[in-house]
1. Please report the antiparallel percentage of DSSP beta bridges with both residues in the range A:583-672, rounded to the nearest 5.
2. Taking the DSSP beta bridges in chain A as the whole, what percent of them are antiparallel, to the nearest 5?
3. Where does the charge balance sit around A:THR430 when Lys and Arg score +1, Asp and Glu -1, over other residues with C-beta under 14 Å from its C-beta?
4. Please work out the FRET efficiency for the pair A:SER459 and A:ASP68, using the Cβ-Cβ distance as r and a Förster radius of 30 Å; give the result to the nearest 0.05.
5. Loop only by DSSP, 16 or fewer other Cβ within 10 Å of the Cβ. Give me the trypsin sites (Lys or Arg not before Pro) in the range B:19-115 that pass, ordered by residue number.
6. Could you give the angle, 0 to 90 degrees to the nearest 10, between helix A:59-68's Cα long axis and the longest principal axis of the Cα atoms of chain A?
7. Report the FRET efficiency, 1/(1 + (r/R0)^6), for A:ARG625 and A:GLU183, where r is their Cβ-Cβ distance and R0 is 35 Å, rounded to 0.05.
8. Other chains' Cβ within 10 Å of B:35-46 residues: what's the mean?
Amino acid sequence: MRFPKFPKALKPFLRRKESELELDDEVRFHLEMEARKLEREGLASGQARLEARRRFGGVDRVMEECRDQRPARFFETLLQDLRYGLRTFRRNPVSSAAAIATLALGIGANAAVFSVIYGVLLSPLPYGAGDRLVVVRQHAPTENQEDVGFSPPEIRDVQSSSTTLQDFVEYHRMWFTLLGGDEPQRVSTGVVSHQYFQTLGIQPAMGRAFVPGDEREGAEPVLLVSHEFWTQELASDPEILGSTFEMNDRVHTVVGVLPPLPQHPHANDVYMPTSACPFRSAPRVAENRVARGYYTLGRLLPEVSLEQARAELQGLADGMAAKNPEAYPPSGSLEIELEPLHQALTKDVKPALMLLLVTVGLVLLIACANVASLNLAQLSSRRRELVLRRSLGAGRRRLARQLITEGALLGLAGGLLGTLLAAGAVNLMTAFASRLTVRAAEIRLDPWVILATLLLSISCGLLLGLMGTLQANPRTNLGAPQGASPRDATSLRRWLVLGQLAVSAVLLVGAGLMVRSLLNLRGVEAGFEAENVLTAEVNLNWTRYDSPEKRLAFFRRLLEDLRAEPGVEGAALTSAVPLDGSLRPRPILIEAMAEDAGRIQPMAQPRIVTDGYFETLGIQVLEGRPFRLGDDGESPSVAILSRALARHYWPNGTALGQRISFDEGATWNTVVGIVADVKQRSLADEAQDEVYVPMAQNPMLSGRLLLRAARRPLELIRPVRRTVYGIDGEQPVVDFQTLEQIRSTSTEGPRLVALLLGLFALLALLITVAGLTGLLAFTVSQRVREIGLRMALGATPGGVRRMVLGQVMAITSGGLLLGGLASLVASYSLESYSLGGQELTGQLFGVEPHDPATFAAVGLLLLIAAALACWGPVRRATHIDPMSALRND
Amino acid sequence: MGPRKTVPTKADLLQGTLDLLILKTLALESNHGWGISQRIQQISKEVLQVNQGSLYPALHRLENQGWIDAEWGQSENRRRAKFYKLTPEGRLQLEKETANWKRLTAAVGRVLAAV
């Protein structure tokens, strides 16, 4: 078909009225001419007219066919359908509003989850060459150690020899005291290779980044300041470049300020090159091939694949082991692992997000089923209208298109409203996701998300419309009574409700399993008694407590005074509280194994504690003794190991009396006790190797106070403050928390997920119950006559009730059965399905996917819900007055 | 859409054939819809009775395809009527369709004449 000339094609569309009049005139002219001709042939004028009409055929139909020839006809009819649809909605405002609201909830929830998924999983990293960045790790599987980190010589080797990595950089974090501001400050410091920020693609907002010269041995120390630190602590001083601060007895010059981009891997206050860190640049670390533990990142060259780079680095590692066998395990070199940075940041949260996506998808399905049911209910009352249109000449396809258009309109309206809802909830979503991943900052209502949501809404709408067309096949029988029950529509609605019940069952089982694992998690033995313990942070002032003796004196006095307070059953100090996740393993040297040179250094999480620590926390001493007041600067250095560490390196025999070193053999600590394991990082993880040293031999500048209270720990806050100020009126004590609070923060992630799943499952149930109630009310109203007849013939209210309930129970049990089967299938298939390396049932803790208690509880819940749903309609049914029912035809 | 049979005609016309007849009629002279149907009847000596119901959809279709042009003018009895005329593209189309028709009828004739 040749395409018509443009203006001509548009004319009927733009000037429709004119075209209509013209068509009208044309046909009228024809009829007149024909009538006149017939008159000339002898017919009377009236008869001539009739005959002319008859010969012409159905005038309306012909005109409609002429209209169909117009090229823009499709859009004309679409507009008509849209206007008609809007009118239909206005005629049933309540029902339409209910449908749109239901859809809005379902689609809104989906839009919210889309945003989270897009921001966290799909959007690119905010770093320059984000997709080329990899985390590089070394493992020692033969020594049973993972992620041992790199040592400075190894880092230098890789930097100079790698052909696949454009950059290879290191990072570690230290806490130093910054002098030169109004007050001395403890600052978190990122110690990095000079090209660290270049590798990440981060340009300084002010000044310059580090240059190779900054990292040279003996170079003048320089600092890069983070954006947050610059705005919060330095008052956004525009003259900050060139200012100096004193750290670690050296003068550091500020050379740049970083932009407000998310920092990796931690948010630090300042950054310095490796040569400025006194520990890192000391020869016994910088030249020591065995001094591992540094975190490293690499940037792949443009054409290089991950596997190529991994193979090359492995080759380098093997080469290093061959050249320096004394620094490597006897079994050979270390194993290199490369992981894309994006994956490293998201893999923990991916399974949870996928689970959420599936959940909201199912909720939407249930919502759509409700709307479909509403539509079907309406359809039976629209039967007359459709039959009429059919007889006036509307094609079946045209009617179907009308219904589909209405569905799409509904979907679009619900989608727009839902998108608005989701937009309003972005802050909520970000708050939720930030507990699970650092990528939460990237969450926003992206154009892609909006597009996806709109597509979803329109698809839902189209689907709903299609469902309507399945039922709207009216026979041209205008004689059908107005209230005739469309049997097929009702049975379809029954199946819909059955499906809804099944899906609700699946969601409820899922949520139930998550809740149970959460409860199991919280019940895990953490290794210490968290009840009634208060903690607080005490950071001593650098200038006032500038010697270890002064610090020790303060803390000693603090503990003495606190122990004398009424209501305090125990007091101690520690460098880190269990379960706050703050410790990282450090390498230690074991005397007995020091001769086995080249082995991978044992790693342990070190903790400085005072006497009374184990007693206050209720940690069992398994062998030997806890720290005493006698363990001080005059007596031999001692240490206490956790059971895991002792078992690890002294599987046969005892570790008591053995000696270990924290400074490569410069000083040695004797092991005097073994204590029970304590969960440090998270309740779900295995216990880590831990080692304790007494504060009296390692006076620290800051520590966390631990107080066991006789009654309520929060009541001790005032006495603690009073005591501290009594010793030093200017010493702040901050961050009061109970151990129980810290413990529940550690389960926050699983708690949030379980909460959301539970909410969605309940929402689904609510929608399903609403649908069930609607269906039942409809059925009852349809069968008023029948019920009235039954009652007139002797049926008792009990019998009627049984009849209605019987129906409900049939549907509910069907739904439960289907749902139960579906849940089993889902959980078992999830068990064998891993999402990007993370098994989904890793989310479940201590509960089987087929946990019978959960299934039983869900079944009960659904039965109760169904019973509640039919309470109203059953009442109505039993209260039907047979006389009035039979009278109303 | 095929023609609707409301009044039985002496000969059933296929849509393509109707188009051909319309184009030819307009090639002879411009006309309005009614005139076209009368003309076809007249020239074919009453054999071809155009189904009036299918005439106007055909005219509109041909107009959209660009083979005929329409203009409002005055008819013989001073009434306003829509006059159609052939366009250059329509003329080309007419030649093509005529050739096709001749080929078709020749072929049918050969089959019928086969012994």
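The numbers here are math on the coordinates, done by the rules we state, and not lab data. Since the structure is predicted, the reported quantities are computational estimates derived from the model, not experimental observations. Counting neighbours? That spans all protein chains shown, and the Cβs are built from the backbone with ideal geometry, glycine included.
1. On the way: 6 of 8 bridges.
DSSP beta bridges in the range A:583-672 are roughly 75 percent antiparallel.
2. On the way: 66 of 84 bridges.
Percentage antiparallel, nearest 5: 80.
3. Details: positive: A:ARG435, A:ARG439, A:ARG444; negative: A:GLU442, A:ASP446.
Around A:THR430, the surrounding residues sum to +1.
4. On the way: r = 28 Å, r/R0 = 0.95.
Efficiency for this residue pair is about 0.60.
5. Those that pass, being in a loop and sparsely packed, are B:LYS45, B:ARG78, B:ARG79.
6. Tilt relative to chain A: about 30 degrees.
7. Working: r = 40 Å, r/R0 = 1.16.
For R0 = 35 Å, the calculated efficiency reads 0.30.
8. On the way: counts 2, 0, 3, 3, 0, 0, 0, 0, 0, 0, 0, 0.
For peptide B:35-46, the averaged partner shielding equals 1.
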